[in-house]
1. Would you point out which residue out of A:GLU394, A:GLU389 is assigned to a helix (DSSP H, G or I), assigned by TED's automatic domain parsing to the domain that holds A:PHE124 and of a type in the set (D, E, K, R)?
2. Out of the residues in region B:261-287 meeting the condition of being closer than 12 Å to A:PHE241 by Cα and crowded, with 24+ Cβ neighbours inside 10 Å, tell me which one is farthest from the other protein chains (Cβ to nearest Cβ).
3. Take A:THR258 and tell me if it is of a type in the set (S, T, N, Q) and either within 23 Å of the chain's Cα centre (by Cα) or at positive phi (or both).
4. Looking at region A:357-403, which of its residues are surrounded by 23 or more Cβ atoms within 10 Å (Cβ to Cβ), among the hydroxyl-bearing types (Ser, Thr, Tyr) and farther than 12 Å from A:GLN195 by Cα?
5. Which one of the conditions (1) among the aliphatic types (A, V, I, L, M); (2) over 24 Å from B:ILE134 (Cβ atoms); (3) surrounded by 15 or more Cβ atoms within 10 Å (Cβ to Cβ) does B:ILE325 fail to meet, given that it meets all the rest?
6. Criterion first (of a type in the set (A, V, I, L, M), surrounded by fewer than 17 Cβ atoms within 10 Å (Cβ to Cβ), more than 14 Å from every other protein chain (Cβ to nearest Cβ) and within 29 Å of B:VAL251 (Cβ to Cβ)) does B:ALA296 satisfy it?
7. From A:LEU199, A:LEU171, which residue is of a type in the set (A, V, I, L, M, F, W, C) and either at the interface with chain B (Cβ under 9 Å from one of its Cβ atoms) or in a loop (DSSP other than H, G, I, E, B) (or both)?
8. If A:GLY226 passes every condition in (1) away from every other protein chain (no Cβ under 14 Å); (2) over 28 Å from A:VAL77 (Cα atoms); (3) small (Gly, Ala, Ser) but one, which one does it miss?
There are 2 protein chains.
Amino acid sequence: MQITPDLSRLLNELETLASFSDAPAPAVTRVVFSAQDLAARAYVQKLFSAAALELRTDAVGNTFARWAGTDPNVPAVATGSHTDAVPHAGRYDGTVGVLGGLEAIRALQRSGFRPRRSIELLTFTSEEPTRFGIGCLGSRLLSGTLSPESARQLKDSDGKSLEEALRQAGLDGSLENVRLANQFYHGFVELHIEQGPLLERKGIPIGIVTAIAAPATLRVRIEGSGGHAGAVLMPDRRDAFLAAAEIALAVESVAKATRSADSVATTGVCNVFPGAVNSIPSRAVLEIDVRDTDLARRDVMLSAIRAACEAIGVKRQVRVEVELINADAPAQASPLITEALSASCQALGIEFMSMVSRAYHDSLFLSRIAPTGMIFIPCRNGVSHRPDEYASPEDIKRGVQVLASALAQLAQ
Amino acid sequence: MQITPDLSRLLNELETLASFSDAPAPAVTRVVFSAQDLAARAYVQKLFSAAALELRTDAVGNTFARWAGTDPNVPAVATGSHTDAVPHAGRYDGTVGVLGGLEAIRALQRSGFRPRRSIELLTFTSEEPTRFGIGCLGSRLLSGTLSPESARQLKDSDGKSLEEALRQAGLDGSLENVRLANQFYHGFVELHIEQGPLLERKGIPIGIVTAIAAPATLRVRIEGSGGHAGAVLMPDRRDAFLAAAEIALAVESVAKATRSADSVATTGVCNVFPGAVNSIPSRAVLEIDVRDTDLARRDVMLSAIRAACEAIGVKRQVRVEVELINADAPAQASPLITEALSASCQALGIEFMSMVSRAYHDSLFLSRIAPTGMIFIPCRNGVSHRPDEYASPEDIKRGVQVLASALAQLAQ
């Protein structure tokens, strides 16, 4: 069987998808259920239909595009990723897994291959946490990691609930119906850019992911005392932003203190209130991302950050409230998938290495209901979540080839 | 002459003015040229007209409401303040000077007083720096402190220019015509809440301002390197927000290091870009307010902050750019005005004290073209720029009485 991806078509589609953006090119901003996100969804669904895939969308907006197999009674094989993008991101994160997955299916169709198991291409809702503060919203619900009740509590920063946003996006089904049964899929494989520098540094085109690091997210709300910047004397101040500044620096120290390269912690969000140059900040909100491949070490970091928050609150006489938004366990890839991937690489004559994913993905949650694995391709300088994110056409092509070959093997 | 302010009418008007707000009561948010600001302007101008004052509005939206004197050829006496409000402010800052000024004029009208000099009530545009990053926009232009060319460079955070905002507010005159001649007014008196705790602590109802502290504003832009929060290792990071956090803490240290109670420095604005929990901050913008009653000491603080910015930039390998937005000289009140005010207090049997204003006001700029002074009234706990800002009806009444009496004396 000869698998020949149509690379120029795929690159054109990636370029078109990048044009659905709230930021000027080359930056891509596509926050879930924004007008641009809805337009991007419509665009990819049109491509799925053109490839004769049957479409289904669940109540949270996860999309399932199915190439029916000859035996409809056995569990399907699935692939997929996401099309939403954090503010000022690039064009490859997630999209390579969706459009690359589509091209893998089209290449298999062109080759004359006829799968026994159906093959499904999944597009997950809100892999990025930008809007509702929690990443992998769609795959969390789908895998039962997030309950429909908890999902109904979610609000965006304008106070709009997830349910309201879903209604406005034309999705009015019940969230209770999103959950899939365990072992619903025979296997799930996600193609993704590495978002780190290792493959590029080693000059290896394919990474087979054996484990996904365990992320945790904290939200810290700080309440001090405001006032006029000219009138309140320095010793009388309870400045919420200065407490936030000390907490952010403590977060950095905590991650560095583990002395492990796998420990990372980031304060990516800092909102200061009221945010006027002549007003002392009365409130601040931080959002902190803490990750490690080792769950125990990550939890040590979380405890140390909580302790720092408390000490800084006492010292500055501000109220500090720490909320754990999510703290997921790391996932191991399934040997069923990693073996299919390594066999595919060998058959195609493509060099590969086993590696850990420090970024987290919908695969983390899919692994709870199905044998799961990931294919990484290199990205320039390890850069992601930036406009200069880049994966070369050759690397994308090799990723699609390996994916198509593995899907064929798993679907036989 | 019996001056009897109609306190309940004035309190009603203050309450109505507070209802023009983009924040829920008791908070007041009224940013210059927002729909609420335009509605508030229309409301006070209707009140001015009802008091038979002649209205004029200049090209930047400063409003002049004139009670014509018997001798139209001599310079007028003026009072006034502003009606814009920082986000989540209270209802007294500025408004007491505008509506209290109006009530002072109405009380004089009712008393049968007929001024020789005209009395003008001024409402200045954008005393607060919220939108265009520079405070006292109207009075700066009016006094020639800000040139029309510089004003034309101003943009809000959406990139909209001041001129565009003026056009949309229906103001299409030339900014060249805003400047008033030196000694245009015989004198200017502004009634204002103290925005500090001294009058309340001492139990004295009236402060006569002898000097206004010199404010300076810095904008610091920090450019680091973004990336995915899970993927970039800690030693490889150039996190713009962590540099911003260190700078904000340095600003605090610098103000405390002078060991003078009159030195204050505040980082009131911190914008982090891209502002997603799983993206390393690539850029941050700080706005810093630095004040002192002593110009030399303030400039020492500015230099120390610049030095800290440079050192932090080098240490964290981020680009730090410091822009001096404004650095005004302190103003001394005119004896003509302070003597009229103390004579008024004595005539009314109201206790007063001389004091310095650490907050700055349109009076700072009016002092460059006319003999100027200010009346302070107490505000509860010294609180301002907060929803719980409060001045008692009795204190407001005494302020209006002193203002009316001084205006009468100066206009004779």
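1. Details: A:GLU389 fails: assigned to a helix (DSSP H, G or I).
None of the other options fit; the residue is A:GLU394.
2. The initial filter retains those residues of region B:261-287 that are closer than 12 Å to A:PHE241 by Cα, namely B:266-271, B:286.
After this cut, where a residue has to be crowded, with 24+ Cβ neighbours inside 10 Å as well, the list is B:266-270, B:286.
Working: B:THR266: 4, B:THR267: 6, B:GLY268: 5, B:VAL269: 5, B:CYS270: 5, B:LEU286: 9 Å.
The extreme case among them is B:LEU286.
3. Spelling it out, it is not the case that A:THR258 is of a type in the set (S, T, N, Q) and either within 23 Å of the chain's Cα centre (by Cα) or at positive phi (or both).
4. Once the filter is applied, which keeps residues that are surrounded by 23 or more Cβ atoms within 10 Å (Cβ to Cβ), among the hydroxyl-bearing types (Ser, Thr, Tyr) and farther than 12 Å from A:GLN195 by Cα, region A:357-403 yields A:SER363, A:SER367, A:THR372.
5. Here B:ILE325 meets the rest and fails (2).
6. Numbers: of a type in the set (A, V, I, L, M): yes; surrounded by fewer than 17 Cβ atoms within 10 Å (Cβ to Cβ): yes; more than 14 Å from every other protein chain (Cβ to nearest Cβ): yes; within 29 Å of B:VAL251 (Cβ to Cβ): yes.
Answer is yes for this residue.
7. Details: A:LEU199 fails: either at the interface with chain B (Cβ under 9 Å from one of its Cβ atoms) or in a loop (DSSP other than H, G, I, E, B) (or both).
Of A:LEU199, A:LEU171, the one residue that is of a type in the set (A, V, I, L, M, F, W, C) and either at the interface with chain B (Cβ under 9 Å from one of its Cβ atoms) or in a loop (DSSP other than H, G, I, E, B) (or both) is A:LEU171.
8. (1)
The values are calculated or read from the model by the stated rules, or taken from the named source; none is laboratory data. Since we're looking at a predicted model, the values are computed, not measured. Note that each Cβ is placed from the backbone with ideal geometry, even for glycine, and that neighbours are counted across all protein chains shown.
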